[in-house]
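Visitor: I have a structure I would like to understand better, so I am pasting it below and will then ask my questions one at a time.
The values are calculated or read from the model by the stated rules, or taken from the named source; none is laboratory data. The structure presented is a predicted model; accordingly, all values stated were derived computationally and were not measured. Every residue, glycine as well, gets a Cβ built from its backbone with ideal geometry; the counts of neighbours run over all protein chains shown.
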Amino acid sequence: AADGRRILIAWMSGGTYPDMPFNQQMTVPCELTLRRTADGLRVCRRPVREIASLRTATHRWENLLLTPGMNPLADLAGDLFDIEMVMDVSAAALPADTALATAVQLTVRGEQVQYRLPTRTLECGGCTADLWPVEGRVKLRLLVDRSSLELFGDDGLRPMSFTFTPPLDNRRLELATPDGKLRVVSL
């Protein structure tokens with residue numbers, strides 16, 4: 001109460017966990033804030049700042065030109081991730097006469113998170129959410145636990161939480177574009 005934050009731990013239903021005595025779980029703790037947008041006042045939900053204290057290793061890329069067939073995350077593997085990414089989805093961020101990608105795909109332990117540029121939508125787990133660029137950029141944060149994947153677009157304006165049970169032997173990450181190029185400002 002002393003810092004004035006409003007913290008939410010939500011119920012994530014629908015999970016199936018083989019050989020476990022439970023079938024649902026809670027989300028990560030998130031701070032709720034109010035933000036003024038072009039559409040009016042909106043509630044935003046983003047992970048509490050204390051999540052950062054759980055990080056044990058950090059990898060960083062800046063000003064990365066993502067091209068088809070490239071995967072800058074190929075050398076990373078694990079069960080738990082906290083991924084923060086800013087993408088410049090404008091053609092102006094690319095060299096002249098370069099085709100802009102139509103999508104960027106982040107595959108986490110076999111689960112695909114996709115941002116489609118033409119429709120300005122974020123897709124994962126059979127769900128779709130609008131995610132409009134702000135000054136040509138899209139911000140995305142992913143928290144990956146052993147049985148959950150939580151997405152936070154535009155600093156929590158577009159949160160999405162999913163239960164998932166990835167194959168135990170799939171610990172890979174992939175960042176790719178199926179066509180064209182895309183500027184990743186930071187990752």
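Visitor: What are the residues in the stretch 161-187 that are in a strand (DSSP E or B) and under 15 Å from residue 25 (Cβ atoms), if any? Reasoning before the result, please.
Guide: From the stretch 161-187, those in a strand (DSSP E or B) are 161-163, 172-176, 181-186; that's our starting set.
161, 162, 163, listed by residue number.
Visitor: Then there's this: Which members of the stretch 122-132 meet the condition of being assigned to a strand (DSSP E or B) and either under 24 Å from residue 75 (Cβ atoms) or in contact (Cβ under 8 Å) with a residue 12 or more places away in the chain (or both)?
Guide: Listed by number, the residues that qualify are 122, 124, 127, 129, 130.
Visitor: Modelled with pLDDT under 95 and among the acidic types (Asp, Glu): does that describe residue 19? Let's see the steps before the verdict.
Guide: Values: modelled with pLDDT under 95: yes; among the acidic types (Asp, Glu): yes.
Yes, satisfied.
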